[in-house]
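The values are calculated or read from the model by the stated rules, or taken from the named source; none is laboratory data. Given the structure is predicted, the values throughout are model-derived calculations rather than measurements. Cβ sites come from the backbone with ideal geometry, for glycine too, and all protein chains shown count toward neighbours.
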Amino acid sequence: MSLLGALLLVLGGLLLVLAAWGVIVLPDALARQHAATKAGTLALALVCIGALLQVPDTAWAWRLALILGFLLATLPVASHLLARAAVREAGMDVAVREAPRVDAPPG
Amino acid sequence: MSSLAVTALVVTALLAALLATWRILAGPTHADRIVALDIFLAAAVALAVAASLATGRTVFLDVAIGLALVGFVATIGWARVVESRAGEGPQ
């Protein structure tokens, strides 16, 4: 159990570095926001579960669950707002407005 | 074994913060900088968990809870500021 926890902690750290590396190498703010929020969320989830496996204790368990719950509830919202800010700042409003809609009739 | 994993977590989180610092300095848009701040938030939460694993105290987990909430509000605030200034021409 402790070995699995240690493995998850290291994996979470590596995924965090991967997220930061994506923020460095990806071409624009929209793509960077994807790397940061998706990989970052998974990295923190792995770290929290790894810590839970390291210390099987109630006081630790509910705090870690609270952290994980807050992150899972808030990071998608933050991701959405970041994407909207990136689109507005890059002046892509017009392209977004003129893009074909899912419910639009064909042709 | 466990302390080795905690050390690895601290080193990787600091490396992630270093890479995010580069993105904050380089920009080029404000949205990029907020994304890098998000990485900082994730690294800070990971470091707080690592601190509580290293010391065996739960107080650092409370710090991580606070960080997660404050970081969310900060990200939303900055995103709204960037959005509202987007139409005002070059920065």
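Would you list the helices (runs of 4 or more DSSP H) that sit entirely within chain B and hold 1 or more residues that are within 27 Å of A:Gly69 (Cβ to Cβ), at the interface with chain A (Cβ under 9 Å from one of its Cβ atoms) and charged (D, E, K, R)? Step through it out loud before you land on a result.
Values: elements: B:2-26, B:30-55, B:59-85.
Answer list for chain B: B:30-55, B:59-85.
For every residue, the table says whether it meets (1) of a type in the set (A, V, I, L, M, F, W, C); (2) more than 19 Å from B:Ala51 (Cα to Cα); (3) at pLDDT below 90.
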| position | (1), (2), (3) |
| --- | --- |
| A:Met1 | yes, yes, yes |
| A:Leu11 | yes, no, no |
| A:Leu14 | yes, no, no |
| A:Ile24 | yes, yes, yes |
| A:Pro27 | no, yes, yes |
| A:Ala31 | yes, yes, yes |
| A:Ala36 | yes, yes, yes |
| A:Leu44 | yes, no, no |
| A:Val55 | yes, no, yes |
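For first residues located in the range A:44-57 and farther than 13 Å from B:Leu61 by Cα and touching a residue at least 24 places away in the same chain (Cβ under 8 Å), partners that are in a loop (DSSP other than H, G, I, E, B) and of a type outside the set (Gly, Ala, Ser) and lie 6+ apart or on another chain with Cβ distances below 6 Å form the pairs A:Leu53/A:Met1.
If only residues of the range A:55-86 that are within 9 Å of another protein chain (Cβ to nearest Cβ) and β-branched (Val, Ile, Thr) are counted, the one that is farthest from the chain's Cα centre (by Cα) is A:Val55.
Residues in the range A:1-45 that are more than 7 Å from every other protein chain (Cβ to nearest Cβ), more than 23 Å from A:Thr74 (Cβ to Cβ) and out of contact with any helix residue (DSSP H, G or I) (no Cβ under 6 Å at 6 or more places or on another chain): A:Leu7, A:Val25, A:Pro27, A:Asp28.
The set of residues in the range A:87-107 being at the interface with chain B (Cβ under 10 Å from one of its Cβ atoms), hydrophobic (A, V, I, L, M, F, W, C) and assigned to a helix (DSSP H, G or I) consists of A:Val87 alone.
Is it true that A:Arg97 is more than 14 Å from the chain's Cα centre (by Cα) and either surrounded by 15 or more Cβ atoms within 10 Å (Cβ to Cβ) or among the β-branched types (Val, Ile, Thr) (or both)? Considered against the rule, which asks whether it is more than 14 Å from the chain's Cα centre (by Cα) and either surrounded by 15 or more Cβ atoms within 10 Å (Cβ to Cβ) or among the β-branched types (Val, Ile, Thr) (or both), A:Arg97 comes out as no. Being assigned to a helix (DSSP H, G or I) and in contact with a Cys (Cβ under 6 Å, 6 or more places away or on another chain), is that true of even one residue in the range A:49-65? Checked the range A:49-65: at least one residue is assigned to a helix (DSSP H, G or I) and in contact with a Cys (Cβ under 6 Å, 6 or more places away or on another chain).
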